[in-house]
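Q: Here you go, one structure.
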Amino acid sequence: MIRTEIAELLSDRKRLIENLVLIENKDRQLVPFILNPIQRDMLATSTARDVYVKPASVGGTSLITCDFLLDCLMVKGTTSVIISYSEFITGRLLRKAQTLYDSLLQRVPSLPKLHHKSTYEKTFTFEDRLGVKQGESSFYIASAQSFSMPRGEPIHNLLLDELAFWPSGTIAEAFA
């Protein structure tokens, strides 16, 4: 019976997020990540090639960060990339991803181990019960200004956050 419940939880991303993930609220307290109506709609209607025009501060980027992180943790070999428009926002997103991972690790201690290969990359190592490496997933969060993007590997999840605010001379001009 427990295996069935776990399988159901893992197959329903909304239930997984709302039951296992904690997020920092505006008062800096860790609270359950209960999706608001906009986040629920984003999750339910995502086609993996979406462009969102949304109001500020509705948690869209938080949801996508959480979703990408869960993909990295659940499917070895996943590469997720978030490119923000500024170094400041990149730092905030890195901190948010770390908080999400730490909260999940408290509830699920058997998660893949986190390794920092650089300031903008979080690598998750999958190991068997004996500690033998079985694969990795990588989560990159970088600034459009840094030009520290991953190259030469497949990207499974990509968010070009706040593309309209990216500085000239970046990939943003390709979309103009």
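The values are calculated or read from the model by the stated rules, or taken from the named source; none is laboratory data. Keep in mind it's a predicted model, so treat the numbers as computed, not measured. Please note: Cβ atoms are built from the backbone with ideal geometry, for glycine as well, and neighbour counts cover all protein chains shown. SASA here: full protein model, heavy atoms, side chains in, ligands and nucleic acids out. Shrake-Rupley method; radii C 1.70, N 1.55, O 1.52, S 1.80 Å.
Q: Among (1) assigned to a helix (DSSP H, G or I); (2) open to solvent by less than 10 Å² (accessible area, probe 1.4 Å); (3) free of Cβ contacts under 8 Å to residues at least 40 places away in the same chain, which single condition is ARG95 missing?
A: All conditions pass for ARG95, except number (2).
Q: OK, next. Of everything in region 42-64, what is assigned to a loop (DSSP other than H, G, I, E, B) and surrounded by 17 or more Cβ atoms within 10 Å (Cβ to Cβ)? Give them in sequence order.
A: GLY59
Q: Still on this model: Specify the residue that is most open to solvent (accessible area, probe 1.4 Å); the eligible residues are those in region 65-92 that are of a type in the set (A, V, I, L, M, F, W, C) and either without any contact (Cβ under 8 Å) to a residue 40 or more places away in the chain or closer than 14 Å to LEU114 by Cα (or both).
A: The selected residue is PHE88.
Q: Confirm whether GLN106 is at pLDDT 80 or above, in a strand (DSSP E or B) and loosely packed, with under 13 Cβ neighbours inside 10 Å.
A: no
Q: Moving to a separate point now. Restricted to region 104-138, and to residues that are in contact with a helix residue (DSSP H, G or I) (Cβ under 8 Å, 6 or more places away or on another chain) and small (Gly, Ala, Ser), which residue is nearest to LEU159 (Cα to Cα)?
A: Filtering first and then ranking leaves SER138.
Q: Determine, yes or no, whether ILE82 is more than 13 Å from the chain's Cα centre (by Cα), under 24 Å from ASN36 (Cβ atoms) and either part of a helix (DSSP H, G or I) or modelled with pLDDT of 85 or more (or both).
A: no
Q: Would you list the strands (runs of 3 or more DSSP E) that sit entirely within region 119-176 and hold 2 or more residues that are modelled with pLDDT of 85 or more?
A: Per the criteria, 133-143, 157-160.
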